[in-house]
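The values are calculated or read from the model by the stated rules, or taken from the named source; none is laboratory data. Because the structure is predicted, anything quoted here is derived from the model rather than measured. Cβ sites come from the backbone with ideal geometry, for glycine too, and all protein chains shown count toward neighbours.
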Ligand code: GLY
């Protein structure tokens, strides 16, 4: 099978690493990819992911059998619809199904209509109605803008004043409607499921670390590290989340004539009343994918192709009992302003540590030099029989990387390990 992988981050490097091991891989391309992916696949340059017609033409000219879409934006923008109209198979949902990530309001209404456990909510098109609601409900309370906000559309307001400020920001930023949710107490975990119509197959769990600094301090980021499995998501809780949240969602999407096909990433709050949905994403998590791929023991290409062709029920997925952890090595200053193009050395020594895999997230090559090229730059990942061993190996490897302009958190895995 000839494959085109779309995206350029650590998530896509982890997917490329696993896809490259598949027995059925023919020609393997990535667009735009990164230097790590470039060691595994032929990099394609010069086509923006938003140029759907050009992408379709390129796929036809290169006899692509499967397109694997990494990030959410092309999914929400309808790339899979465009590919399938042209007869090209793709792993990822259509635009209508990707609304599960693209529109928080769509997902909340779907939950309400189908009795799916989630935080109580209100939606408002007028700021003064939203102010009245938060004043009546009190804080803490969660204010969300609709649409893809690159992780920036959510404010957990600790006071009514903060909530009113967040509401004003949504409308000042051009938002037409604000979503206000009850604050949920509990611990968060991520559950991944392959979904093909009404067929739902669990595909691993993880927990990530959103804040920039140790002790969960500092600004929110795309994720400073993750581990899998998430011990807090016990088999009983996982089964409950699948039965009460993911399966009813898959059925509702089929009933609406917009079946979901792809990976469905459920952000869950494990409350005293059981798992509740925080949000859906229509793609693998980043950096969660970097800890799922080393634990998946099946053939990734065969698995993703089965989903794309509506054959998920015919295959089985297998996992190792190992644990995996990944540490995001980020540019100093991230998620704010940071230096670019600073030199990174020592990757060979780090990658030689037992069980360690280094996934590139934001790097570029200049001759023989490896340079930073983004906020999150490397994912230092380790897989081992226990999470503690994986953590120790990942930190040993991170310590061997010579990059004075980078930083990482020293406490990845603390929830599971103490
Ligand atoms: N790590 C969070 C996300 O991928 O959305």
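Tabulated data for the structure shown
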{"read-out": "Selection count, segment 106-120, where residues are surrounded by fewer than 18 Cβ atoms within 10 Å (Cβ to Cβ) and in contact with a strand residue (DSSP E or B) (Cβ under 7 Å, 6 or more places away or on another chain)", "value": "1"}
{"read-out": "Subset of segment 355-388 [under 22 Å from residue 206 (Cβ atoms) and free of Cβ contacts under 8 Å to residues at least 40 places away in the same chain]", "value": "355, 388"}
{"read-out": "Any chance residue 134 is crowded, with 17+ Cβ neighbours inside 10 Å, over 18 Å from the mean Cα position of the chain (by Cα) and assigned to a helix (DSSP H, G or I)", "value": "yes"}
{"read-out": "Subset of segment 309-326 [surrounded by fewer than 24 Cβ atoms within 10 Å (Cβ to Cβ) and touching a strand residue (DSSP E or B) at 6+ places or on another chain (Cβ under 9 Å)]", "value": "309, 310, 311, 312, 313, 315, 316, 317, 318, 319, 320, 322"}
{"read-out": "Residues within segment 171-183 that are in a loop (DSSP other than H, G, I, E, B) and touching a residue at least 60 places away in the same chain (Cβ under 8 Å), tallied", "value": "2"}
{"read-out": "Condition met for residue 341 (surrounded by fewer than 20 Cβ atoms within 10 Å (Cβ to Cβ), touching a strand residue (DSSP E or B) at 6+ places or on another chain (Cβ under 6 Å) and free of Cβ contacts under 8 Å to residues at least 40 places away in the same chain)", "value": "yes"}
{"read-out": "Helices (runs of 4 or more DSSP H) fully within segment 270-373 counting 2 or more residues that are within 16 Å of the ligand (Cβ to nearest atom) and at pLDDT 95 or above", "value": "288-292"}
{"read-out": "Single match in 34, 2 (criterion: farther than 18 Å from residue 283 by Cβ and at pLDDT 95 or above)", "value": "2"}
{"read-out": "Odd one out for residue 73 among (1) surrounded by fewer than 22 Cβ atoms within 10 Å (Cβ to Cβ); (2) assigned to a strand (DSSP E or B)", "value": "(2)"}
{"read-out": "Qualifying residue in segment 31-41 (condition: more than 30 Å from residue 297 (Cβ to Cβ) and touching a helix residue (DSSP H, G or I) at 6+ places or on another chain (Cβ under 6 Å))", "value": "no"}
{"read-out": "Any chance residue 361 is under 26 Å from residue 323 (Cβ atoms) and under 21 Å from the mean Cα position of the chain (by Cα)", "value": "yes"}
{"read-out": "Residue among 163, 97, 86, 130 that is modelled with pLDDT of 95 or more and closer than 24 Å to residue 255 by Cα", "value": "97"}
{"read-out": "Positions within segment 184-228 being within 19 Å of residue 241 (Cα to Cα), away from the ligand (no atom under 16 Å from the Cβ) and either in contact with a strand residue (DSSP E or B) (Cβ under 6 Å, 6 or more places away or on another chain) or outside any strand (DSSP E or B) (or both), in sequence order", "value": "184, 185, 186, 194, 195, 196, 197, 198, 200, 201, 202"}
{"read-out": "Residue within segment 230-242 that is within 16 Å of the ligand (Cβ to nearest atom), under 20 Å from residue 379 (Cα atoms) and at pLDDT 95 or above present", "value": "yes"}
{"read-out": "Neighbours by Cβ (under 7 Å, 6+ apart or cross-chain): first from segment 256-271, free of Cβ contacts under 8 Å to residues at least 40 places away in the same chain; second within 13 Å of the ligand (Cβ to nearest atom) and part of a strand (DSSP E or B)", "value": "none"}
